[in-house]
Amino acid sequence: MTEFPNWFASTKAKQNFEKFLEPYKGHTELQFLQLGAYTGDASLWLLENILTDKSSHLTDVDTWEGSDEVAHDSMDFKEVEKAYDYQTRGYKNITKFKGTTIEWLKAAPFDYYDFIYIDADHTSPGVLIDAELSFLSLKSGGLIGFDDYEWDQGKGAVYNPKAGIDTFLYRHRKELDIIHIGWQVWITKK
């Protein structure tokens with residue numbers, strides 16, 4: 001099988017998952033949503049470490065088509081998807097949705113998810129749309145983790161998740177609490 005970078009373990013993502021999601025470990029009937037699943041490294045970690053009760057569930061949404069990010073240029077996304085399928089095989093408490101985040105979020109129930117991880121479209125408008133739609137589906141007291149806040153593709157302002165995240169944070173400043181800002185941003189919904 002093709003080897004791919006494990007961005008989950010090589011950035012601050014895993015540390016933040018451990019720090020902010022540990023209180024959920026083993027709880028029943030949790031609903032987690034991950035926008036952008038890549039090879040399933042974060043998915044596997046969540047299933048093995050947090051969503052350990054059979055009544056808890058993870059939904060992963062990804063197109064498995066990649067994007068025009070430089071890091072994706074040399075990747076075969078059919079192989080990326082195979083890596084995801086291999087890592088998540090055998091788990092019954094996971095749903096794989098192959099499609100866009102907008103397709104999933106338009107049909108998602110309100111006030112449903114305990115945690116949403118946003119790591120899909122890295123353009124400012126894409127992150128903003130994912131955040132706005134996700135916020136509707138997040139329970140009061142739920143968490144959202146935004147990845148790649150400080151990431152800069154170098155292709156202009158549109159390839160800057162920070163601008164989309166900052167717009168979302170400003171628009172909803174009275175409805176959320178910021179609990180972490182760094183490479184990632186983590187918030188709770190009031």
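The values are calculated or read from the model by the stated rules, or taken from the named source; none is laboratory data. If you're wondering where the values come from, they're calculated on a predicted model, not measured in any experiment. Using ideal geometry, Cβ is built from the backbone for each residue, glycine included, and neighbour counts are taken over all protein chains shown.
Overview of results
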{"item": "Candidates Lys174, Lys189, Lys139, Lys162 - the one that is out of contact with any Pro (no Cβ under 8 Å at 6 or more places or on another chain) and over 22 Å from Phe17 (Cα atoms)", "result": "Lys174"}
{"item": "Residue check for Trp45: touching a residue at least 12 places away in the same chain (Cβ under 8 Å), of a type in the set (A, V, I, L, M, F, W, C) and under 17 Å from Lys98 (Cα atoms)", "result": "no"}
{"item": "Residue among Leu133, Leu128 that alone is modelled with pLDDT of 95 or more, of a type in the set (A, V, I, L, M, F, W, C) and within 23 Å of Ser43 (Cβ to Cβ)", "result": "Leu133"}
{"item": "Filtered residue count, region 135-190, keeping only those that are of a type in the set (Lys, Arg) and part of a strand (DSSP E or B)", "result": "2"}
{"item": "Qualifying residues in region 98-134 (those that are in contact with a His (Cβ under 9 Å, 6 or more places away or on another chain) and assigned to a helix (DSSP H, G or I)) - the one farthest from Thr11 (Cα to Cα)", "result": "Glu132"}
{"item": "Boolean, Val80 is exposed (fewer than 15 other Cβ atoms within 10 Å of the Cβ) and at pLDDT below 95", "result": "no"}
{"item": "Condition broken by Gly99, with the remaining ones in (1) surrounded by 14 or more Cβ atoms within 10 Å (Cβ to Cβ); (2) free of Cβ contacts under 8 Å to residues at least 40 places away in the same chain; (3) under 16 Å from the mean Cα position of the chain (by Cα) satisfied", "result": "(1)"}
{"item": "Filter result (of a type outside the set (A, V, I, L, M) and in a loop (DSSP other than H, G, I, E, B)) within region 25-41", "result": "Lys25, Gly26, His27, Thr28, Glu29, Gly36, Tyr38, Thr39, Gly40"}
{"item": "Residue in region 9-24 that is surrounded by the most Cβ atoms within 10 Å (Cβ to Cβ), counting only those that are in contact with a Leu (Cβ under 9 Å, 6 or more places away or on another chain) and either in a loop (DSSP other than H, G, I, E, B) or among the aromatic types (Phe, Trp, Tyr) (or both)", "result": "Phe17"}
